[in-house]
Amino acid sequence: MHPVRSFPAWRVGSSCLLLAICAVSNAEITYNVHPDLQSKTLLITMDVPVKGDSLSVQMPRWGPGGYDYGDYGKEVTGVMMMDTKGNTLAVDHPDFSTWTASSVAKGHVTVSYSVKAEYANDVLHYSGPSTYLYVVGRTQEPCKLTLDFPADWPIAIGLNNYKNAQNIFTAPTYDVLADNPVSAGHYYSGTYTVNGKMHYIALRGTPDDVNAIDKVKLHKVTNYISAMEANFFGGEPYDHYVWHITAFKRPDGGWGLEHLASTQIGLATGFGMNTDSVLAHELFHAWNVKRIRSRVLGPFDYTTLPKTGALWWLEGVTDYYADTLLRRYNWTDDPRYYFVIARNVSGVRGNPERLNISPYDSSYRVNEANGGRGNSNGLGVSYYNTGWLVGLCLDMEIRSKTDGRKSLDDVERNLFRKYGHDGQAGFAEDGIRKELVNVGGPSLGTMYDQIVMKPGELPVEEALTKVGLRLYQKDETYANIGFKTSFNMEAKGLNVNAPEAFTTLKGGDIIVGVNGTLFKDVQMGQAMGLMSPISSPEAGKVVHLTVQRAGVTDPMQIDVTAIAASRKTWVVDEDPSASMPTVALRKSWLTPPAGWMPPSQ
């Protein structure tokens, strides 16, 4: 661990802070971010041209990509407003997200405030929606950002630089400003180029975790995925791209949050196949959700969760393509891909709510989940694995009907052409259906109405038969921890769901710590590692949980032990009796396009 250091040299002298902000531009809304490293606090100053006789600023209640309330305004402190003459304005604070000054004179208003930020191991990292206030009614105005950081700190950000300034950046709107997280300091830095565009790796974490990451593989897989997905779409939609990565101890997997020109990734030090899938998923979002999007997903209303029935497409079909392209472009092989199909079937068919809640409603009604707080997984059923299988079924239907001449690829690319470029609005709620019909004919509309708009069993067996595969069940043993979990961001813990009789946990309990470490005391990446004994249990191994329970004042210490159990699991393999046309269709589905060449390393 590196101690917090004192830096005498800063990129912009703090004594000239207001002068620097005003000098940048008189037209834009400007932001200056100055870190207090000792307190892990960001001191933020905005300069806002006055338009009217009052000014209101707000902090988002949620951040794009996560469909749950974070209520970030609760973490804002010390809000002050000052007019052009230096007079301090009276500020009303009607709710935890809003601050208002009335009777504002012409000119500019300076808004200053503080928020907490992640600072550890000599690296600062923060996200936009939990950091930047916005001016109410003016989120579509241009912004400039000055990062008042130590002079020897490199900065990783998806925004473009202002002229030649290394620490000043421009954004056409607040939406774009907020959608660009920042990493700065002494992180592990790497670069590579695809189609002439720079891609940056900013890796942080404890020294042990960062050292445990295979850097050669990290460069190879990110480069490969970038080239693969650019090839699929015919080019990148960004000027440059940043992988903001935090390492955590775990054999496989990870988490991610997508952005326009970057992503925030939690990367398992074991760097297994599931980790590769997470990377491919998040980069694919640069097209599918950040640009191919529902109309409510930009410009944003940050006061309430958006309502769109398309999250099964924006998240689930993104997942489908992440895994499918990894196979199609030969990063993975057939057995791995068949396992992934079966795993998604297991997840969907193991949830009886699939017979009650449609993929559309799981998306559209996500704000009803978690007591109206929302979540990032769907209402009742997951729009990730459900959308994965819906994408598979639609893809196989189009390929079969057109003898392989067309596919879901055409739908995806057409959506990008119609909706994915600057100035284009997102698609309407029936936009995906219309494009499916456009590519596959009227019967695809009927299929959409049946498997997207209605609950029920998805025709996966039928879909796989079209490409010479079969789906069946077999017995397997596994370690059963006795409950399911979902994130509770407000409580900084995990909700306990559907506890079984052999555990002493109760529904409604919140797990706030594992094996003596509290979630609130670690960063997000390390929190994922902390979850490993729950998410990947070992039979017979005791796990010590710290639990908050309704009606009990102090946290409880509860031990749980996974037990060996048996269950039916799903298997996908090749049908030895499959016809030659179906096998040919499978090969065309999982074969890279002509002329594809993997990137040189």
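Key figures for this structure:
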quantity: Check on A165, under 29 Å from D422 (Cβ atoms) and at pLDDT below 95; calculated: yes
quantity: Residues of region 37-55 classified as surrounded by fewer than 16 Cβ atoms within 10 Å (Cβ to Cβ), acidic (D, E) and within 30 Å of G185 (Cα to Cα), total; calculated: 0
quantity: Residues of region 257-312 that turn out to be modelled with pLDDT under 95 and either under 24 Å from N367 (Cβ atoms) or among the hydrophobic types (A, V, I, L, M, F, W, C) (or both), as a count; calculated: 5
quantity: Residue count, region 561-588 (criterion: of a type in the set (V, I, T) and in contact with a helix residue (DSSP H, G or I) (Cβ under 8 Å, 6 or more places away or on another chain)); calculated: 4
quantity: Subset of region 257-273 [surrounded by fewer than 24 Cβ atoms within 10 Å (Cβ to Cβ) and free of Cβ contacts under 8 Å to residues at least 40 places away in the same chain]; calculated: G270, G272
quantity: Set H244, H219: member being under 19 Å from the mean Cα position of the chain (by Cα) and not β-branched (V, I, T); calculated: H244
quantity: Looking only at region 510-520, and only at residues there that are touching a Lys or Arg at 6+ places or on another chain (Cβ under 9 Å) and outside any strand (DSSP E or B), the one that is modelled with the lowest pLDDT; calculated: K520
quantity: Boolean, V194 is β-branched (V, I, T) and either surrounded by fewer than 20 Cβ atoms within 10 Å (Cβ to Cβ) or over 24 Å from L147 (Cβ atoms) (or both); calculated: yes
quantity: A479 being surrounded by fewer than 19 Cβ atoms within 10 Å (Cβ to Cβ), of a type in the set (A, V, I, L, M, F, W, C) and farther than 30 Å from A562 by Cβ; calculated: no
quantity: Any hit, region 73-84, residues being touching a His at 6+ places or on another chain (Cβ under 8 Å), of a type in the set (D, E) and surrounded by fewer than 20 Cβ atoms within 10 Å (Cβ to Cβ); calculated: yes
quantity: Qualifying strands (runs of 3 or more DSSP E) (wholly inside region 123-199; at least 1 residues being free of Cβ contacts under 8 Å to residues at least 12 places away in the same chain); calculated: 188-194
quantity: E490 vs. criteria touching a Lys or Arg at 6+ places or on another chain (Cβ under 9 Å) and outside any strand (DSSP E or B); calculated: yes
quantity: Failed item, numbered, when F487 is tested on (1) of a type outside the set (K, R); (2) loosely packed, with under 14 Cβ neighbours inside 10 Å; (3) under 30 Å from V123 (Cα atoms); (4) touching a residue at least 12 places away in the same chain (Cβ under 8 Å); calculated: (2)
quantity: Count of region 537-580 residues which are among the small types (G, A, S), within 30 Å of L464 (Cα to Cα) and in contact (Cβ under 8 Å) with a residue 60 or more places away in the chain; calculated: 4
quantity: Any hit, region 558-570, residues being under 32 Å from the mean Cα position of the chain (by Cα), within 20 Å of S407 (Cβ to Cβ) and outside the structural domain of T517 (by TED's automatic domain parsing); calculated: no
quantity: Counted residues, region 303-324 - those being surrounded by 22 or more Cβ atoms within 10 Å (Cβ to Cβ) and either small (G, A, S) or more than 25 Å from S358 (Cβ to Cβ) (or both); calculated: 4
quantity: Test result for E500, in contact (Cβ under 8 Å) with a residue 40 or more places away in the chain and assigned to a loop (DSSP other than H, G, I, E, B); calculated: no
quantity: Residue count, region 490-525 (criterion: buried (at least 18 other Cβ atoms within 10 Å of the Cβ), more than 22 Å from the chain's Cα centre (by Cα) and under 18 Å from G378 (Cα atoms)); calculated: 1
quantity: One residue from K466, K454 being over 24 Å from T591 (Cβ atoms), modelled with pLDDT of 95 or more and of a type in the set (D, E, K, R); calculated: K454
quantity: Residues (crowded, with 20+ Cβ neighbours inside 10 Å and of a type outside the set (A, V, I, L, M)) located in region 213-230; calculated: T222, N223, Y224, S226, E229
quantity: Filtered residue count, region 574-601, keeping only those that are under 33 Å from the mean Cα position of the chain (by Cα), surrounded by 15 or more Cβ atoms within 10 Å (Cβ to Cβ) and charged (D, E, K, R); calculated: 1
quantity: Inter-residue pairs, beta-carbon under 6 Å, first not assigned by TED's automatic domain parsing to the domain that holds T170 and of a type outside the set (A, V, I, L, M) and in region 239-256, second crowded, with 19+ Cβ neighbours inside 10 Å and in a loop (DSSP other than H, G, I, E, B), 6+ apart; calculated: Y241/A261; H244/P181; T246/G205; K249/T269
quantity: Among residues of region 350-377, those that are of a type in the set (S, T, Y) and farther than 21 Å from Y302 by Cβ, counted; calculated: 3
quantity: Scope region 149-160; condition closer than 29 Å to L55 by Cβ and surrounded by fewer than 21 Cβ atoms within 10 Å (Cβ to Cβ); matching residues; calculated: N160
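Residue by residue, here is whether (1) over 27 Å from Y337 (Cα atoms); (2) within 25 Å of the chain's Cα centre (by Cα) holds:
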| residue | (1), (2) |
| --- | --- |
| Y384 | no, yes |
| G387 | no, yes |
| E429 | yes, yes |
| R470 | no, no |
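The values are calculated or read from the model by the stated rules, or taken from the named source; none is laboratory data. Computed from a predicted model, the values in this text were never measured in an experiment. Neighbour counts run over all protein chains shown; Cβ positions are idealised from the backbone, glycine included.
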